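Below is one structure, written out as structure tokens; comments come after it.
The values are calculated or read from the model by the stated rules, or taken from the named source; none is laboratory data. Quick caveat: nothing in here was measured; it's all calculated off a predicted structure. Cβ atoms come from the backbone with ideal geometry, glycine included; neighbour counts cover every protein chain shown. Areas reflect the complete protein model, heavy atoms only, side chains present, ligands, DNA and RNA absent. Shrake-Rupley method; radii C 1.70, N 1.55, O 1.52, S 1.80 Å.
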Amino acid sequence: MRTSDVDILIVPGWSNSGPDHWQSRWERNLKTARRVEQADWLAPDRDVWVRRIVAAAARCERPVVLVGHSLGASVAAAAAV
């Protein structure tokens, strides 16, 4: 599988990630990657975060790969169920 065959949803954890973080570099360098934005990066609400991931995945046109980091890994796993 190539990255061009899938939609890559990057799911950062608490407080998001800065411009030099690997997630930000992947988002910049992989054409099919995009970040799942959360309403409040500093006060995570599991249900809200999961709903945003599910909504982002529903908008995808190709198979979805979730890439979660830190708290984002936990909510990405919950969204995948």
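What number of residues within segment 49-62 are under 14 Å from the mean Cα position of the chain (by Cα) and either in a loop (DSSP other than H, G, I, E, B) or within 24 Å of Pro19 (Cα to Cα) (or both)? Reasoning before the result, please.
The first filter runs over segment 49-62 and keeps only residues under 14 Å from the mean Cα position of the chain (by Cα), leaving 49-60.
Applying the additional criterion that residues be either in a loop (DSSP other than H, G, I, E, B) or within 24 Å of Pro19 (Cα to Cα) (or both) yields 49-50, 52-53, 56-57, 59-60.
Matching residues across segment 49-62 total 8.
Checking each residue in segment 33-81 for being open to solvent by 60 Å² or more (accessible area, probe 1.4 Å) and charged (D, E, K, R) picks out Arg34, Glu37, Asp40, Asp45, Arg46, Asp47, Arg51, Arg52, Arg59, Glu61, Arg62. Name the single residue, out of those in segment 1-32 being acidic (Asp, Glu) and surrounded by 13 or more Cβ atoms within 10 Å (Cβ to Cβ), that is farthest from Ala80 (Cα to Cα). Among them, the one singled out is Glu27.
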